[in-house]
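Undergrad: One structure, pasted below without further comment.
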Amino acid sequence: MNKRRPAGSAEKDYRSLLVHENLPGHVAIIMDGNGRWATNRHLPRLAGHRAGIDTVRKIVKIAGELGIRYLTLYAFSVENWRRPKSEVSGLMRLLGTFLRRETKELDRQRVQVSWIGRVDEFPAKVVAELERSRDITVDNDGLRLILALNYGARREIVEAVRSIVSAVGEGQIDAADISEDMVSQYLYTSEISDPDLIVRTSGEMRLSNFLLWQAAYSELWITDILWPDFTENDFCHALYDFQHRARSYGGITGKHGAADKV
Ligand code: FPP
């Protein structure tokens, strides 16, 4: 069942219930529902994306405050080019503006900005803003914010396969030595631990080509709440539920025993 927010005052203060030693090191979020949020208000879809940026700001801030190490946000998928031109260019503009306006504050919060995905296919102006944010924040030791931009997991895996095949062809590696660890090293995320928790807003029960290799053992938390309505407390709710799950990685869980084997 998807998570819903209880009506009115019944909502718990999840932040106060979190155990700080047991937070996920890496949270990845599929930020969905901006379009529906806007349509519900008879607004253009771009207004939903704009409202979504306010949520990005809030969630980045609280993730940093809580001491989460990595936060990956699925901001633009390889499939998103299929949207109307005006929406795509609007999203590019919003991303550029976000980086230009927010980098100073992100830097103050000691956030380190980076990205995964083929941003070389983005407009040069946006790439310049990304590089500027990365360069300004490169030495920060707080939250590492990873924007998934023009990202597609299948494409990432295909590129890794190509690189491995070419390294084998050049005699740099032996095909017999190809291992799961080696494949991980050829992905965009080679320097990042796999996501412990993947959150998806707005109710869809799928991964949509997001971190398919890395998600092998991730806990999934899906809510009906639309991304622009998603709050810091909702984020803490996901973390709280994560802390009450038993992760077995295919073995037997310590918490609930063999019945919970996955
Ligand atoms: C999905 O909602 C959301 C996106 C495709 C883009 C997400 C982008 C942002 C939140 C803003 C830019 C991000 C950053 C990091 C500055 P949807 O449009 O698919 O919603 P729908 O399913 O209701 O139509």
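The values are calculated or read from the model by the stated rules, or taken from the named source; none is laboratory data. Quick caveat, the model's predicted, so the values are computed rather than measured. So basically every Cβ, Gly included, is an ideal-geometry build from the backbone, and we count neighbours across all protein chains shown. Ligands, DNA and RNA are excluded from the accessible area calculation, which covers all protein heavy atoms including side chains. Shrake-Rupley method; radii C 1.70, N 1.55, O 1.52, S 1.80 Å.
Undergrad: Using only the Cα atoms of region 1-81, what semi-axes does the equivalent ellipsoid have when each is the square root of 5 times a gyration tensor eigenvalue? Give whole Å, largest first.
TA: Working through the eigenvalues yields semi-axes of 26, 19, 11 Å.
Undergrad: 222 nm [θ] for the chain, helices only, -39500 (n - 2.57) per DSSP H run of 4+, per residue, to 500?
TA: Rounded to the nearest 500, the figure is -12500 deg cm²/dmol.
Undergrad: For region 56-177, report the translational diffusion coefficient in µm²/s to the nearest whole number, using Stokes-Einstein at 25 °C, 0.890 mPa s, and a Kirkwood Rh over Cα pairs.
TA: In µm²/s, the coefficient is 154.
Undergrad: Same structure, new question: Rounded to the nearest percent, how much of the accessible area of the chain (1.4 Å probe, protein heavy atoms only) is carbon and sulfur?
TA: For the chain, the apolar C and S fraction of the accessible surface comes to 51 percent.
Undergrad: With charges only on Cβ, +1 for K and R and -1 for D and E, what is the dipole size of region 131-262 about its Cα centre, in debye, rounded to 20?
TA: 380
Undergrad: May I ask which residue of 215, 173, 195 lies farthest towards the positive end of the charge dipole of region 146-254, with charges of +1 (Lys, Arg) and -1 (Asp, Glu) on Cβ and the Cα centre as origin?
TA: Comparing the listed Cα positions along the dipole, 215 ranks first.
Undergrad: Also: List every DSSP H helix in the chain whose Cα atoms extend 18 Å or more along the helix's own long axis and whose mean Kyte-Doolittle hydropathy is at least -0.5.
TA: Result, helices passing both filters: 45-66, 124-137, 153-169.
Undergrad: What residue among 164, 53, 252 has the largest mean-square fluctuation in a Gaussian network model of the chain, using Cα springs under 10 Å?
TA: 252
Undergrad: Find the relative contact order for region 26-105 and round it to a whole percent, using C-alpha pairs within less than 8 Å whose residues are 6+ positions apart.
TA: Relative contact order comes out at 37 percent.
Undergrad: Total Lys pairs in region 43-190 closer than 24 Å by alpha-carbon, pairs eight or more apart in sequence or interchain only?
TA: Here the count comes out as 4.
Undergrad: For region 175-184, take each phi angle, set θ = phi - 60°, evaluate the Karplus expression 6.51 cos²θ - 1.76 cosθ + 1.60, and give the result in whole Hz per residue in order, putting x for glycine and proline.
TA: 3, 5, 8, 5, 10, 4, 4, 5, 4, 4
Undergrad: What translational diffusion coefficient, in µm²/s and rounded to a whole number, does the Stokes-Einstein relation yield for the chain at 4 °C and a viscosity of 1.567 mPa s, taking the hydrodynamic radius as the Kirkwood radius over Cα pairs?
TA: 66
Undergrad: Within 10 Å, at most 11 other Cβ atoms, and a DSSP state outside H, G, I, E, B define an exposed site. Report the longest part of the chain free of exposed GluC sites (Glu not before Pro).
TA: It works out to 1-169.
Undergrad: What is the mean projected area of the alpha carbon convex hull for region 132-262, to one decimal in square nanometres?
TA: 11.5
Undergrad: Could you sort 42, 49 by their accessible area in this structure, using a 1.4 Å probe and putting the largest first?
TA: Descending accessible area places them as 42, 49.
Undergrad: Just name one of 53, 35, 74: the one whose Cα is farthest towards the positive end of the charge dipole of region 21-98 (beta-carbon charges, Lys/Arg +1, Asp/Glu -1).
TA: Projecting each Cα onto the dipole axis, the largest value belongs to 35.
Undergrad: What number does region 184-229 give for Rg over Rh if you use C-alpha atoms and the Kirkwood radius?
TA: Using only Cα positions, Rg/Rh for region 184-229 is 1.03.
Undergrad: Explain nothing, just the number: dipole magnitude of the chain about its Cα centre with +1 on each Lys and Arg Cβ and -1 on each Asp and Glu Cβ, in debye rounded to the nearest 20.
TA: Roughly 1180 debye for the chain.
Undergrad: Order 74, 151, 240, most accessible first, counting only protein heavy atoms with a 1.4 angstrom probe.
TA: 240, 74, 151
Undergrad: Apply the Karplus curve 6.51 cos²θ - 1.76 cosθ + 1.60, θ = phi - 60°, to the phi angles in region 206-217 and return the couplings in whole Hz, x for Gly and Pro.
TA: 8, 8, 6, 6, 10, 6, 4, 5, 5, 7, 3, 10
Undergrad: Full extension from residue 182 to residue 42: what is 0.36 nm times the residue separation minus their Cα-Cα distance, to one decimal in nm?
TA: Full extension from residue 182 to residue 42 adds 45.5 nm.
Undergrad: Right, next: With every protein chain left in place, what is the accessible area per residue of region 1-71 in square angstrom, probe 1.4 Å?
TA: Solvent-accessible surface per residue comes out at 54 Å².
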